[in-house]
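Each remark here refers to the structure printed beneath this line.
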Amino acid sequence: MKGFGGNGNSLQKIMQQANQMQMKMKKVQEELATQEYEGSSGGGAVSVKVSGANRLVAVSIKPDVMSAGDIEMLQDLIVTAANDALTKASETSQAEMSKITGGVGIPGLF
């Protein structure tokens, strides 16, 4: 690697560090995918759980919401609760990845 800045060892060290960071990121992503995040709406009338892999895991609806008979309101509550849970999952993922990357944004990471 001589001729590339004069020091092939520096480039090799950078590549090793990049590989280590990539392995750490993969491990954290796998761990995050197994976690669950809960979101709610309507003062807890509807709650939703999602996995760190952005999969819907559970929906809980309090009986009094069902007895109201307002389908549109129920739909809105479910969407709001799901978005709340997904936001929590995304924010946690970004925070954990930022610890690894030192806050440097890496395109395509999230």
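The values are calculated or read from the model by the stated rules, or taken from the named source; none is laboratory data. Everything quoted here is computed from the prediction, not taken from an experiment. Please note: Cβ atoms are built from the backbone with ideal geometry, for glycine as well, and neighbour counts cover all protein chains shown.
One line per residue, one yes/no per condition, for (1) in contact with a helix residue (DSSP H, G or I) (Cβ under 8 Å, 6 or more places away or on another chain); (2) in a helix (DSSP H, G or I); (3) on the phi < 0 side of the Ramachandran plot:
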{"position": "ASN9", "(1), (2), (3)": "no, yes, yes"}
{"position": "SER47", "(1), (2), (3)": "yes, no, yes"}
{"position": "VAL57", "(1), (2), (3)": "no, no, yes"}
{"position": "THR80", "(1), (2), (3)": "no, yes, yes"}
{"position": "SER93", "(1), (2), (3)": "yes, yes, yes"}
Among (1) exposed (fewer than 14 other Cβ atoms within 10 Å of the Cβ); (2) more than 13 Å from the chain's Cα centre (by Cα); (3) assigned to a helix (DSSP H, G or I); (4) not acidic (Asp, Glu), the one test that THR87 misses: (2)
Just checking, how many residues over region 7-64 are over 14 Å from the mean Cα position of the chain (by Cα) and not charged (D, E, K, R)? 31
Do we find a residue being closer than 23 Å to GLN22 by Cβ and modelled with pLDDT under 85 anywhere in region 71-91? no
Are any residues in region 64-81 surrounded by 13 or more Cβ atoms within 10 Å (Cβ to Cβ) and either under 10 Å from TYR37 (Cα atoms) or acidic (Asp, Glu) (or both), and if so, which ones? ASP76
Cβ pairs under 8 Å, 6+ apart, first in region 89-102 and within 13 Å of GLN35 (Cβ to Cβ), second polar (S, T, N, Q): ALA89/GLN35; ALA89/SER51; ALA89/ASN54; THR92/GLN35; SER93/GLN29
